[in-house]
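One structure is given below, encoded as structure tokens.
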Amino acid sequence: MVRRGRWAVVCAAAVLVMVGCGQREAQYGSDFASAEELPEKLGADGTTITVGDPDAPVKVHLYEDPRCPYCEEFETTGGGPQLREAMLERWTRAEYTLASFLDDRVGGTGSKKAVNALRAALEQGKFVEYHEVLYANQPEESIDGYTDAYLLRLAGKVEGLRGPEFDAAVRSMKYRGFVTASQNAYEKAGGANEPEGPGTPTAEINDKRIPLQYNALLLESDTFAELLQKIHDQPGEWEDTTL
């Protein structure tokens, strides 16, 4: 059985052995050529957005708020690009629970508007591309910058997303119910000890949460990639770990 100390070292210092990628294509099928090809759908719970091969053996569940600067760091220079690469190679899939608590904390409506717009993009089959564009162009957290006009302007960077249906959904907050339900799901994920939610970004890999004290690894690109690889290669050790 793997003990806490060993995986603490893995999480904190990434003392891991990387293996070659040559067998993945044969094992999981041809890679997706680009992010645009990744399957995406809304889960049966009505709040979880799933991206990637549904049969991928490694599942990463992310809790994010669109205004969160640490989520932006994860998605642009941290583990996010590595996660997308693993998704393209079909051995990892991602799930997203989108929170909007920062509106209440710092003022404004930008998180709610961005979550609504992301749900509208999912309806058009463009969640992956729009999600990437939003974080690549995230306003300062203290500025309520995700206005309708800005969200529509960013949508123009995603080929095929803008149109009467999407634009109307953004302007009217069509998916207001989804925004509320998604925030409630985020809060519920915190359990009794964290009634306001687990914080963002938070990641659960194969249903095991990375503890707060090791959360910095999400912002370290190579470390996060090595952790995913380790879990893929030795899933039993991860399942048996108590962090």
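The values are calculated or read from the model by the stated rules, or taken from the named source; none is laboratory data. A quick note: this is a predicted structure, and the numbers were derived from the prediction, not measured. Glycine gets a Cβ as well: all are built from the backbone with ideal geometry, and neighbour counts include every protein chain shown. Each accessible area value is taken on the protein alone, full model and side chains, heavy atoms only, with ligands, DNA and RNA left out. Shrake-Rupley method; radii C 1.70, N 1.55, O 1.52, S 1.80 Å.
Taking residues in the range 160-183 that are in contact (Cβ under 8 Å) with a residue 12 or more places away in the chain, and partners anywhere that are part of a loop (DSSP other than H, G, I, E, B) and loosely packed, with under 12 Cβ neighbours inside 10 Å, the pairs with Cβ atoms closer than 8 Å and at least 6 places apart or on different chains are 178/46; 181/46. One residue is enough: does the range 157-173 have a residue meeting the conditions within 14 Å of residue 120 (Cα to Cα), open to solvent by 30 Å² or more (accessible area, probe 1.4 Å) and not in a helix (DSSP H, G or I)? Yes - at least one qualifying residue is present in the range 157-173.
Within the range 236-243, identify whether any single residue is modelled with pLDDT of 95 or more and either over 24 Å from residue 42 (Cβ atoms) or surrounded by fewer than 16 Cβ atoms within 10 Å (Cβ to Cβ) (or both), and answer yes or no. Spell out the reasoning first.
As a first pass, look at the range 236-243 and keep what is modelled with pLDDT of 95 or more: none.
No, there is no match, as no residue in the range 236-243 is modelled with pLDDT of 95 or more and either over 24 Å from residue 42 (Cβ atoms) or surrounded by fewer than 16 Cβ atoms within 10 Å (Cβ to Cβ) (or both).
Listed conditions (1) assigned to a loop (DSSP other than H, G, I, E, B); (2) touching a Lys or Arg at 6+ places or on another chain (Cβ under 8 Å) are all met by residue 238, apart from (1).
Screening 140, 73 for residues that are in a helix (DSSP H, G or I) and acidic (Asp, Glu) leaves exactly one candidate, 73. Selection of first residues in the range 196-215 that are open to solvent by 30 Å² or more (accessible area, probe 1.4 Å) and of second residues that are hydrophobic (A, V, I, L, M, F, W, C) and part of a loop (DSSP other than H, G, I, E, B), restricted to Cβ pairs under 6 Å at least 6 apart or on distinct chains, gives an empty result. Cβ-Cβ contacts under 8 Å between residues 6 or more apart (or on different chains), taken from a first residue in the range 40-53 that is among the β-branched types (Val, Ile, Thr) to a second residue that is assigned to a loop (DSSP other than H, G, I, E, B) and buried (at least 16 other Cβ atoms within 10 Å of the Cβ), are listed as 51/38. Residues of the range 104-121 being in a helix (DSSP H, G or I) and surrounded by fewer than 21 Cβ atoms within 10 Å (Cβ to Cβ), which ones? Answer for the range 104-121, where residues must be in a helix (DSSP H, G or I) and surrounded by fewer than 21 Cβ atoms within 10 Å (Cβ to Cβ): 104, 105, 106.
Can you tell me which residues in the range 190-232 are hydroxyl-bearing (Ser, Thr, Tyr) and not in a helix (DSSP H, G or I)?
Listed by number, the residues that qualify are 200, 202.
Within the range 141-151, if we keep just the residues that are among the charged types (D, E, K, R) and free of Cβ contacts under 8 Å to residues at least 60 places away in the same chain, the residue that is most open to solvent (accessible area, probe 1.4 Å) turns out to be 144.
Of the numbered criteria (1) in a strand (DSSP E or B); (2) open to solvent by less than 10 Å² (accessible area, probe 1.4 Å), the one residue 154 fails is (1). Check whether at least one residue in the range 29-42 is out of contact with any strand residue (DSSP E or B) (no Cβ under 6 Å at 6 or more places or on another chain), part of a helix (DSSP H, G or I), modelled with pLDDT under 95 and aliphatic (A, V, I, L, M), and report yes or no. Yes, the range 29-42 contains at least one residue that is out of contact with any strand residue (DSSP E or B) (no Cβ under 6 Å at 6 or more places or on another chain), part of a helix (DSSP H, G or I), modelled with pLDDT under 95 and aliphatic (A, V, I, L, M). Checking the range 55-70 against the condition returns no match, with no residue being at pLDDT below 95, assigned to a loop (DSSP other than H, G, I, E, B) and of a type in the set (D, E, K, R). Residues in the range 56-75 that are over 19 Å from residue 182 (Cβ atoms), open to solvent by 10 Å² or more (accessible area, probe 1.4 Å) and in contact with a helix residue (DSSP H, G or I) (Cβ under 8 Å, 6 or more places away or on another chain): 57, 73.
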